[in-house]
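Quick note: the coordinates plus some simple rules give every number you see, no bench work behind them. Fair warning: this is a prediction, and the values are worked out from it, not measured in the lab. As a convention, Cβ positions derive from the backbone with ideal geometry for all residues, glycine included, and neighbour counts pool all protein chains shown.
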Amino acid sequence: MRIAIIDNVQIAVVDHERLTREFIVNVMMYSVNRDILVFESAAAMDVYLKSGHRVHLIFVQLHLPGKSGFELLRHLKRTHPDIYLIALSANPADEIAAIDLGADVFLGLPFVLQDLFDIVQRFVVENPKAQVA
Amino acid sequence: MGRCGIRCGAPAQEMRSMTDEDIFILRLKLLIVMAKAYLNGYPLGERRKAAVSENARMVFYQALHHANRCDAIPTDTAERTDDAYTHLFYQRIQLLAVMARSFAAGNRLEGYRRRALEDNIGHICDRLAESPELADMPILKVA
């Protein structure tokens, strides 16, 4: 039953920091056994969603060059309220703003591996919405 | 219907950008979880195999880089220094990476090979537990 849920989930990572981004992608790919979408800018994520693709969960670095992660959160909350948003930041002052803008999780850097497994468990494995293809 | 955000990751007073060292330790722990999951018979789909292989590749080269910075093992085995111990630790990590790439490629690790993998994980976990700056033991129990 769990395999069926994981088969249908689509996860994206929007982060310009290569090492962190590649690590999150690695953990997610292993956890859900699917390719993970990667975007280096908020604008690229936007374009992808506007073309009608469906995404279930997005990791968003708040401090992106160009359009910020905050702007992306605000936009996605309005246009795609069903997407789970994980906000990443190294600045504790960002937490309240991120949650106010609709982030489901504020992930403070540096995180530990268990944080990422907990996110998969909570928003993918235990979440029936993830079954929608 | 409103969603309530939750917080995870570093506590506010410890937040900072992640370093290469942070990522190396995280990748090593992920590799241990992957290897333990394999030993426990959890299924390995195609993307999972790719994730194991990629993680093992990254860990191997980072461990190689760290090992090169350590002093070589003394020829007199009775005089094992911390550096030599650390050097061996990085050799073990490289061995784990090779083993992981092997099972990700579809090679079955059975008999002595399986035991070698278990022993190697045990040694690496012991070392992580001995080093408070490296240790985050709950995660080692995930798989």
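In table form, for the structure just shown:
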{"quantity": "Cβ neighbours within 10 Å from other chains - mean over B:13-22", "calculated": "5"}
{"quantity": "Charge-dipole axis of chain A as Lys and Arg at +1 and Asp and Glu at -1 on Cβ define it, positive-most pick from A:I96, A:M45, A:L19", "calculated": "A:M45"}
{"quantity": "Exercise: per-residue mean of other protein chain Cβ atoms within 10 Å, B:45-56", "calculated": "5"}
{"quantity": "Fluctuation leader among A:A97, A:A42, A:A87 - chain A, Gaussian network, Cα springs under 10 angstrom", "calculated": "A:A97"}
{"quantity": "Average beta-carbon neighbours from other chains, 10 Å sphere, peptide A:75-83", "calculated": "0"}
{"quantity": "Sum of -39500 (n - 2.57) over DSSP H runs of 4+, divided by residues of chain A (222 nm, nearest 500)", "calculated": "-12000 deg cm²/dmol"}
{"quantity": "Sequence-separation-based contact order of the range A:2-127, relative, with Cα cut under 8 Å and 6+ spacing, percent", "calculated": "24"}
